[in-house]
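The values are calculated or read from the model by the stated rules, or taken from the named source; none is laboratory data. Predicted, not measured: the structure shown is a model, and the values here were computed from it. FYI the Cβ positions are ideal-geometry reconstructions off the backbone, even for glycines, and counts take in every protein chain you see.
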Amino acid sequence: MTRTLLLFGDSNTHGTMPVASLGDQGRYGPGERWPGRLRALLPDWEVIAEGHPGRTTLHDDPIEGAHRNGLRVLPALLESHRPVDAVVVMLGTNDLKDRFSVNADDIALSLERLVGVIRTSGAGPGGAAPGVLLIAPPPVLEVGVLAGMFRGGAAKSQVLGARIAEMAQRIGVPWLDAGAMVRVSPIDGVHYGPEANPVLAEAVAAAVRRHFAPA
């Protein structure tokens, strides 16, 4: 029986390429993106990629729009795709933007709130709770055209993975540290180069098999 895996993320789940100038909208092809590669690795799953560039955990973006608030859209996505067996959440990078003025502890707590929404959604099979896998995004660099936007974010991002790990262990959710596997591009310091996609897909596939094996 095919099960459903929802990938809830930002531009790096969307497949956005590193940007050399503001306004660039390059996107990897469907088979190049890590979600597309994940589909090929998990043939017994329906893999649904819900990656939105600029998505935050729970902040209304005063410049790019309130619709980038992950907390606002998550309940609708869970309902529209149900039954959802498991949700992979990889967010937090956009929370590092200077405009939000939050630290790594706040970002981890924001992710915990999203986990709570998933666990109480009743969007799993038979009204159960979907499983959750958290992915801590890799640290950002303050380089290129996004450097000013992410001013101060590089230092925060260096401890974000540890804060997410602590939170995940406390609430009993499996997690991956993407920063141990992939690096952001030196072009813009936020997005992934093409070499990261297969690495991340393999790691997520292994984690899904390990944590969400059929009963």
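Number of residues in the range 8-20 that are surrounded by fewer than 22 Cβ atoms within 10 Å (Cβ to Cβ) and in contact with a Leu (Cβ under 9 Å, 6 or more places away or on another chain) equals 1. Scanning the range 180-202 for residues that are of a type outside the set (A, V, I, L, M), surrounded by 19 or more Cβ atoms within 10 Å (Cβ to Cβ) and in a helix (DSSP H, G or I) returns a single hit, ASN197.
Taken over the range 16-36, the criterion of being in contact (Cβ under 8 Å) with a residue 60 or more places away in the chain and either touching a His at 6+ places or on another chain (Cβ under 8 Å) or farther than 17 Å from VAL87 by Cα (or both) is satisfied by THR16, MET17, PRO18, VAL19, ALA20, SER21, LEU22, TYR28, GLU32, ARG33.
Looking only at residues in the range 187-211 that are over 22 Å from ALA154 (Cα atoms) and hydrophobic (A, V, I, L, M, F, W, C), the one that is farthest from the chain's Cα centre (by Cα) is ALA206. Among residues of the range 110-130 that are surrounded by 14 or more Cβ atoms within 10 Å (Cβ to Cβ), those with a Cβ under 6 angstrom from a residue that is part of a helix (DSSP H, G or I), sequence gap 6+ or separate chain, pair up as GLU112/MET167; VAL117/LEU74; SER121/LEU78; ALA123/LEU78; ALA129/ARG119; PRO130/ILE118. When VAL173, VAL115, VAL184, VAL159 are screened for being within 14 Å of LEU91 (Cα to Cα) and either at pLDDT below 95 or within 19 Å of the chain's Cα centre (by Cα) (or both), only VAL115 passes.
Return yes or no: is VAL140 in contact with a helix residue (DSSP H, G or I) (Cβ under 7 Å, 6 or more places away or on another chain) and more than 29 Å from ILE63 (Cα to Cα)?
no
For the condition surrounded by 23 or more Cβ atoms within 10 Å (Cβ to Cβ) and among the acidic types (Asp, Glu), what is the one hit in ASP95, ASP105, ASP85?
Of the residues listed, the single one that is surrounded by 23 or more Cβ atoms within 10 Å (Cβ to Cβ) and among the acidic types (Asp, Glu) is ASP95.
For LEU146, indicate whether it is within 15 Å of PHE8 (Cβ to Cβ) and out of contact with any Phe, Trp or Tyr (no Cβ under 6 Å at 6 or more places or on another chain). Answer is no for this residue. Of the candidates PRO139, PRO125, the single residue that is modelled with pLDDT of 95 or more, more than 26 Å from VAL84 (Cβ to Cβ) and of a type outside the set (Lys, Arg) is PRO139. Annotation: of all residues in the range 45-64 being touching a His at 6+ places or on another chain (Cβ under 9 Å) and aliphatic (A, V, I, L, M), the one that is surrounded by the most Cβ atoms within 10 Å (Cβ to Cβ) is ALA49.
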